[in-house]
Amino acid sequence: VAALVGRRPRATWVAALAVLAACAAFAPTLNAQGVPQSELFIKKQPSVTAQQLLSAHFPGGSGNPAVVIAEVGTAERTTAAAAAVPGVSGVRPYTGGAPDGPARVADGRIRLDVTLADAADSDEAMATVQRLRAAVHAVPGADAKVGGYTAQQFDTRTTARHDRTTIIPVVLLCILAVLVLLLRSLVAPLVLAATVALSYLATLGVCAIVFPHVFGFSGTDPSVPLYGYVFLVALGVDYNIFLMTRVREESRRHGTREGVLRGLTATGGVITSAGVVLAATFAALGVIPLAFLAQIAFIVAFGVLLDTLLVRSLLVPALVYDLGGRTWWPARLAADGPAGRPRDGGPADRDAPAPLADGVGG
């Protein structure tokens, strides 16, 4: 592999980059809005069959009503406001299970069970919950709160979206800072952080294709992309550090381009072996018949293999080889190189002056 990188570095990283970019193009199509209750288990379960029968003969949200808590003095107005919401099939006070029992009141507040027309885990039900919240919040003095399964799912989805947009860039910036301190360079950390992010997006893109068309998942758990990011970025940075610290050591003695080949030769087998072991370890989660764990198992196993076999073995070494000494800018290593040698280890460096007759530099 090192010999391939040394012979055709630019063609190697362009081809690797094209593959990753093609996969990453599908990342925005990943449906991370949640897994329906009927798909929480990979194998057919009696509880899923029962829920399907219930939905076929009763309103979709019968088994999981939305729960409204309001001041008891506003119960009639809150009930009327909730019943007028499109998508609501019925509203009744909670009686503790007794069909004709009195409404339960605690601390001056009453619970209303709101039956939704659509399945509790559907997008239509979540839209109904948003309308329901707006309606009961507008009742004067009710101080109403809306909970229940559908509301929890909607809030989980919203929180997961917020976490992704906040945690992912923060983690990437922290990693960039660590790499800058470790490699004492600006160019190399930027290259490495970019490859980590691209590898993650490529994995999401593959998941967007594989989950619905191979595994039959109609959706992805909202927390899966974030969990996958944490695992893949942590492992990818480990491999980056292992590879690039060795490349830097070799570059100080032999020049950057020769250092890349030596560093890849020394660490490539270990990185690839570690990737295979970790991929097999996470893939073992797939034997548990839960959709969430099956999705985590695939995203981490595939992402680790993609990172070790393509990104860390071909893309990063080829990019660093092509950049040469500029990789370490603004460190002195970029300008000086090892004593008594051309800056990047020999005439192969395109930045070195071409030798003229009698050894006089151009």
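The values are calculated or read from the model by the stated rules, or taken from the named source; none is laboratory data. Note that the coordinates shown come from a computational prediction; the quantities given were computed from them, not determined experimentally. No Cβ is skipped: glycine too gets one built from the backbone with ideal geometry, and neighbour counts run over all protein chains shown.
Consider ARG253 carefully, then state whether it is of a type outside the set (Asp, Glu), surrounded by fewer than 19 Cβ atoms within 10 Å (Cβ to Cβ) and either modelled with pLDDT under 90 or more than 17 Å from LEU314 (Cβ to Cβ) (or both). Outline the logic, then answer.
Working: of a type outside the set (Asp, Glu): yes; surrounded by fewer than 19 Cβ atoms within 10 Å (Cβ to Cβ): yes; either modelled with pLDDT under 90 or more than 17 Å from LEU314 (Cβ to Cβ) (or both): yes.
Yes, satisfied.
Checking the conditions here, which among VAL233, VAL316 is under 20 Å from VAL1 (Cα atoms) and in a helix (DSSP H, G or I)? Can you show your working first?
On the way: VAL233 fails: under 20 Å from VAL1 (Cα atoms).
On inspection, the qualifying residue turns out to be VAL316.
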- Message: What are the pairs with Cβ atoms under 8 angstrom where one residue, in the range 217-230, is outside any loop (DSSP other than H, G, I, E, B) and the other, located anywhere, is among the polar types (S, T, N, Q)? Sequence gap at least six, or different chains.
- Response: VAL224/GLN295; GLY228/THR203
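Can you tell me which residue is modelled with the highest pLDDT among those in the range 69-100 that are out of contact with any Gly (no Cβ under 8 Å at 6 or more places or on another chain) and part of a strand (DSSP E or B)?
So in the range 69-100, the residues out of contact with any Gly (no Cβ under 8 Å at 6 or more places or on another chain) come out as 70, 75-82, 84-88, 90-94, 96-100.
With the extra rule that they be part of a strand (DSSP E or B), the set shrinks to 70, 88, 90-93.
On the way: ALA70: 93, VAL88: 89, GLY90: 88, VAL91: 89, ARG92: 89, PRO93: 89.
Filtering the range 69-100 for residues that are out of contact with any Gly (no Cβ under 8 Å at 6 or more places or on another chain) and part of a strand (DSSP E or B), the one modelled with the highest pLDDT comes out as ALA70.
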- Task: Could you tell me whether any residue of the range 84-102 is more than 40 Å from the chain's Cα centre (by Cα) and surrounded by 19 or more Cβ atoms within 10 Å (Cβ to Cβ)?
- Result: no
- Can you confirm whether the range 325-339 contains a residue that is within 30 Å of GLY275 (Cα to Cα), modelled with pLDDT of 50 or more and touching a Lys or Arg at 6+ places or on another chain (Cβ under 6 Å)? yes
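Among the residues of the range 284-293, is any in contact with a Lys or Arg (Cβ under 8 Å, 6 or more places away or on another chain) and either in the same structural domain as PHE231 (by TED's automatic domain parsing) or not small (Gly, Ala, Ser) (or both)? Show your work before the answer.
The first filter runs over the range 284-293 and keeps only residues in contact with a Lys or Arg (Cβ under 8 Å, 6 or more places away or on another chain), leaving 289.
Restricting the remaining residues to those that are either in the same structural domain as PHE231 (by TED's automatic domain parsing) or not small (Gly, Ala, Ser) (or both) gives 289.
Yes.
The rows are residues; the columns are (1) over 18 Å from the mean Cα position of the chain (by Cα); (2) under 28 Å from VAL5 (Cα atoms); (3) in the same structural domain as VAL19 (by TED's automatic domain parsing).
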| site | (1), (2), (3) |
| --- | --- |
| VAL196 | no, yes, yes |
| SER199 | no, yes, yes |
| VAL214 | yes, no, yes |
| GLY219 | no, no, yes |
| LEU261 | yes, yes, yes |
| THR265 | yes, yes, yes |
| LEU278 | no, yes, yes |
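Select, from PHE58, PHE41, PHE26, the only residue that is at pLDDT 90 or above and either aromatic (Phe, Trp, Tyr) or exposed (fewer than 14 other Cβ atoms within 10 Å of the Cβ) (or both). First the steps, then the outcome.
Working: PHE58 fails: at pLDDT 90 or above; PHE41 fails: at pLDDT 90 or above.
Criteria check complete, one pass: PHE26.
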- Message: Can you find, within the range 167-189, the residue that is surrounded by the most Cβ atoms within 10 Å (Cβ to Cβ) among those that are under 17 Å from ALA234 (Cα atoms) and β-branched (Val, Ile, Thr)?
- Response: ILE175
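Would it be correct to say that PRO289 is in contact with a strand residue (DSSP E or B) (Cβ under 8 Å, 6 or more places away or on another chain) and at pLDDT below 90?
On the way: in contact with a strand residue (DSSP E or B) (Cβ under 8 Å, 6 or more places away or on another chain): yes; at pLDDT below 90: yes.
So PRO289 passes the test.
Tell me the residue from LEU305, LEU319 that is at pLDDT 90 or above and either surrounded by fewer than 22 Cβ atoms within 10 Å (Cβ to Cβ) or hydroxyl-bearing (Ser, Thr, Tyr) (or both), please.
On the way: LEU319 fails: either surrounded by fewer than 22 Cβ atoms within 10 Å (Cβ to Cβ) or hydroxyl-bearing (Ser, Thr, Tyr) (or both).
Just a single option satisfies the conditions, and that option is LEU305.
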- Message: Looking for something without any contact (Cβ under 8 Å) to a residue 12 or more places away in the chain, in a helix (DSSP H, G or I) and touching a Gly at 6+ places or on another chain (Cβ under 9 Å) - is there at least one such residue anywhere in the range 54-61?
- Response: yes
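Would you say VAL260 is within 24 Å of ASN31 (Cα to Cα) and in a helix (DSSP H, G or I)?
Values: within 24 Å of ASN31 (Cα to Cα): no; in a helix (DSSP H, G or I): yes.
No, not satisfied.
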